[in-house]
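One structure below.
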Amino acid sequence: IGYRTIQIWEETKFIINFIGECSVLLFISFRNPKKIKWLEVVKIAEHAGVNALSIIVLIGFLLGLIMSFQSAIPMQRFGAEIFVANLVSMSLFRELGPLMTAVIIAGRTASSFAAELGTMKVSEEIDAITTMGLSPLRFLVIPRLIAGIIISPMLTVFFNLAGLLGSAVVMMSFQYPFITFVNQVLSAVKNVDMLGGLFKATVFGGVISAIGCFYGLNTSTGARSVGESTTKSVVNGIISIAILDGFFSVLFYYLGL
């Protein structure tokens, strides 16, 4: 009990220091964009964002297709299949688009960040950076945080478009013209729905990247610890996304959005 208590206390202090330093460094970086290592940010964004585009589009298309098909069958009894477009578009833009994109990023990107930084920690590369008087957070974590914040809403847009395309395929199979589907989507989705979803995606991207970097830097010695850090980053990333999504749902409800 004593050992576990000390371990929890040390992890808590590390979390507080990590959040504080990252917040200060992000504020300084956005005040002075020239200090940001943009070449590193672009490389990370390409690896975490562009290379993930295919799986994002595939899952988005299949999700839109499945949701539309499963919704259209019971609604067909009442002759209300056309409102499937409203249902799917609202679900994608407000909830499922940001949420599913964040889950994919957590499984693909957060684990990559944790594995990269964890390997550097085990091989003592991070200790070498600290010995040279440099900040590991500034040179390793901040570029990953900025890349995660940038790519998450972009990937969410492609996920939503792919989901709508899958829904359109189902609606056309029920003999509804494509233009009718488009008009239904435009009448159902407002700017606040799209902007609210993109805001959530931006927050999710930053949180997921921070969690991956945190567990990577918190890796202990040994090759096994890298795998443990990777697993923790994915599990805690998905749990954090679910909690944040519930918080945003309640917040948007009381704000009337």
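The values are calculated or read from the model by the stated rules, or taken from the named source; none is laboratory data. It should be emphasised that the depicted structure is a prediction, and the values quoted were computed from it without experimental measurement. Counting neighbours? That spans all protein chains shown, and the Cβs are built from the backbone with ideal geometry, glycine included. We work out accessible area using only protein heavy atoms, side chains counted, and drop any ligands, DNA or RNA first. Shrake-Rupley method; radii C 1.70, N 1.55, O 1.52, S 1.80 Å.
The residue that is farthest from Gly107 (Cα to Cα), counting only those in the stretch 20-30 that are modelled with pLDDT under 80 and open to solvent by 80 Å² or more (accessible area, probe 1.4 Å), is Phe30.
Every test in (1) within 27 Å of Gly227 (Cβ to Cβ); (2) under 16 Å from the mean Cα position of the chain (by Cα) is passed by Phe139 save one, and that test is (2). Any residue that is of a type outside the set (Phe, Trp, Tyr) and farther than 19 Å from Gly206 by Cβ - is there at least one of those in the stretch 33-47? Looking for residues that are of a type outside the set (Phe, Trp, Tyr) and farther than 19 Å from Gly206 by Cβ, one finds at least one in the stretch 33-47, hence yes.
Modelled with pLDDT of 85 or more and open to solvent by less than 30 Å² (accessible area, probe 1.4 Å): is that true of Val88 in this structure? Against the criterion (modelled with pLDDT of 85 or more and open to solvent by less than 30 Å² (accessible area, probe 1.4 Å)), Val88 qualifies.
Looking only at residues of the stretch 49-74 that are over 28 Å from Ile146 (Cα atoms) and open to solvent by 50 Å² or more (accessible area, probe 1.4 Å), we find that the one that is nearest to the chain's Cα centre (by Cα) is Leu62.
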